[in-house]
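See structure below.
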């Protein structure tokens, strides 16, 4: 379908024609068309676009418009196979080269590349850099059949990111070895520092930078303080997800492998189909669980951050975090795996002061960081964690706070927890000063529980043995209950006014930042949990529904059943056949002719030819 027409279908050149006839969409979104035309004309580009924003089309369409084969560098095998399957369903000559292929399959793909039969080839960065593959690229260049390079997940080049792939650094040779061949680097999230690092390390200083809005308006952000987090998670799934989306797919992120397995088993006991995924599981198990998640409806994947990048499943209805992520970038990237089809989705997180302590401890450990880079790593990692804590503690619109981090202004969204149920704030200056004084008076050698006993005037054996019932801080906080005091200490830890000394049984110690507060030079205001009013609950449910009105459930269910069967026959994920959004549009429009079906978003020429008559028959039967 490229300009040289290797598969002989239609040799399309226009971006709009390619969009309509191949991919079945009638209009570009945002700057897609500008990006596509810039790259198709031979320009380099750096594209920052949110997950679900249409990044893939920004290189797939230029690949079909330019002469020869486009080389797509992708870090994950699962992503390659899904995108290749989707392109083949659309009638595009695409394939991939990675370690999952046997010798014969890899040889056949290399032969198709050499003879010019491919429009797009997805390749792992380590495969691309081998002498054998570079020789093949040299052949394409010398015969004028090297269309472009697309570097997906470009943030993997950042040495300070958790997705760092050393092989990506070697991609800097591309402009030297293949001058004049356009390159497009793409990522769903990158702060200014990571953006600059991508430009520097991939030698994209002359590239045009396209930064789309980072807003995902269909995602609702909710962040709560931990209070029996498993039960909170279960309540969220049952009350906020299942009433609106039955058989909903979701992802639950946990920090440790043990917690992943325990949470998955517990959800199973509660009647929710859940699978664990982490790097410690056998490769076969991970692969089987990932395939089930991609191919079946209603699977909840409980995972560490080892799962997610490159997962192209569009109908994930929620992403939940049972532990604090490492940064706003991580949070944004992970929550961005929800709602890629544009339908309502939720990002829910439970956090605690202990999460902050754990993250800071891992940062300070600096595992795998070169000694000379340690201080830089520690400073950047702590800054990013602090920004995420700021988001968790925010009392104003979550979306505004999140977008501001990426340099984007926005009005209050009206669809996050803070907008729907505005939290109260409390001037905790006096309580915080009492708490800090108690830490100091007790010698900075005791944990939160003991300090609260002293503040509340509890005459325990430990308090008496230490003589702390004779301190000036004994009983000065008996006006607050234990829960409120724990909240005060949690906030003091979050703001790094006190540290947790793990070598001394989690003893709290003062930091230099505590001095201005102790001296009365600054105030200390904290967030309180919102009141759970009936009005707020009603508003929350009403806003989540967001499903097209009058949707014929029986027809939609029939279409999904047909899609599942078809996908199984073709051994591809169901969404490769059609997205839920396309099936919903079909159920609402009830097309009676192929021409009417052609007008549905997501129905291109090849899919119309392959599935059109079957779909019309189902629509007629449900008439």
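Throughout, read-outs are computed from the coordinates displayed, never taken from laboratory work. The structure displayed is predicted, hence computed values, not measured ones. So basically every Cβ, Gly included, is an ideal-geometry build from the backbone, and we count neighbours across all protein chains shown.
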- Message: Please list log₁₀ I(q)/I(0) at q = 0.07, 0.08 Å⁻¹ for the chain, using the Debye equation with identical point scatterers on the alpha-carbon positions.
- Response: -0.50, -0.64
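Can you give me the relative contact order of the chain as a percent, contacts being Cα pairs under 8 Å and 6 or more apart? Intermediate values should be presented prior to the final figure.
Details: 1051 pairs, mean separation 84.0, N = 623.
Taking the mean separation of contacting Cα pairs over the length of the chain, I get 13 percent.
Sorting check: for 176-183, 559-566, which peptide has the highest mean count of neighbouring beta carbons within 10 Å, and how do the rest follow?
Details: 176-183: 15.4, 559-566: 16.9.
The most tightly packed comes first, giving 559-566, 176-183.
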- Query: Got a sec? How would 23, 103 order by Cβ neighbour count within 10 Å, fewest to most?
  - Reply: 103, 23
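Apply 1/(1 + (r/R0)^6) to the Cβ-Cβ distance of residue 105 and residue 203, taking R0 = 35 Å, and write down the FRET efficiency to the nearest 0.05.
Details: r = 33 Å, r/R0 = 0.94.
Between residue 105 and residue 203 the formula returns 0.60.
In Å, what Kirkwood hydrodynamic radius results for the range 553-621 from the alpha-carbon pair distances?
On the way: mean 1/r = 0.0847 Å⁻¹.
One over the average 1/r among Cα pairs gives 11.8 Å for the range 553-621.
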- Task: May I ask you to sort 77, 219, 71 by Cβ crowding, counting other Cβ atoms within 10 Å and putting the fewest first?
- Result: 77, 219, 71
- Message: What is the angle, in °, between the Cα long axis of helix 553-570 and the longest principal axis of the Cα atoms in the chain? Nearest 10 is fine, range 0 to 90.
- Response: 70
- Message: How tilted is helix 374-393 with respect to the longest principal axis of the chain? Cα atoms for both, answer in degrees (0 to 90, nearest 10).
- Response: 80
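Using a ≥ b ≥ c from the Cα gyration tensor of the range 379-444 (square roots of the eigenvalues), is it rounded, prolate or oblate, where a/c under 1.5 gives rounded and otherwise the larger of a/b and b/c decides, a/b for prolate? It would help to have the intermediate numbers written out before the result.
Working: a/c = 4.18, a/b = 1.69, b/c = 2.48.
Oblate, since a/c reaches 1.5 and b/c is not below a/b.
Only Cα pairs under 8 Å and at least 6 apart count here; give the relative contact order of the range 317-452 as a rounded whole percent.
Details: 119 pairs, mean separation 24.9, N = 136.
Relative contact order for the range 317-452 comes out at 18 percent.
Determine the relative contact order of the range 425-527: mean sequence separation of Cα pairs under 8 Å and six or more apart, normalised by residue count, in whole percent. Numbers along the way, then the final one.
On the way: 145 pairs, mean separation 40.2, N = 103.
Relative CO of the range 425-527 lands at 39 percent.
Please report Rg over Rh for the range 15-211, where both radii come from the alpha carbon positions and Rh follows the Kirkwood definition. Write out the running numbers ahead of the final one.
Values: Rg = 15.6 Å, Rh = 16.7 Å.
Dividing the radius of gyration by the Kirkwood radius yields 0.93.
Given the Cα-Cα distance of residue 595 and residue 268 and 0.36 nm per residue of separation, how much length would full extension add, in nm?
Working: separation 327, 0.36 × 327 = 117.72 nm, distance 4.54 nm.
Gain in length upon complete extension: 113.2 nm.
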- Specify the angular offset, from 0 to 90 degrees and rounded to the nearest 10, of the alpha carbon long axis of helix 283-295 from the longest principal axis of the alpha carbons in the chain. 70
- What is the spin-label model distance, in nm, from residue 571 to residue 483 if the labels are put 7 Å beyond Cα along the C-beta direction? 5.6
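Please sort 486-495, 278-287, 145-154, 444-453 by packing, taking for each peptide the average over its residues of neighbouring beta carbons within 10 angstrom, highest first. Don't skip to the answer; put the middle values down first.
Values: 486-495: 21.5, 278-287: 13.6, 145-154: 24.9, 444-453: 19.0.
Ranked from most to least packed, the peptides come out as 145-154, 486-495, 444-453, 278-287.
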- Query: Can you put 469, 461, 315 in order, fewest other beta carbons within 10 Å first?
  - Reply: 461, 469, 315
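Just for the chain, what percent of DSSP beta bridges are antiparallel, to the closest 5?
Values: 7 of 55 bridges.
Just about 15 percent of them are antiparallel.
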- Note on the structure: Of the range 513-530, those with amide N under 15 Å from the point 7 Å along the Cα→Cβ vector of residue 506 are none
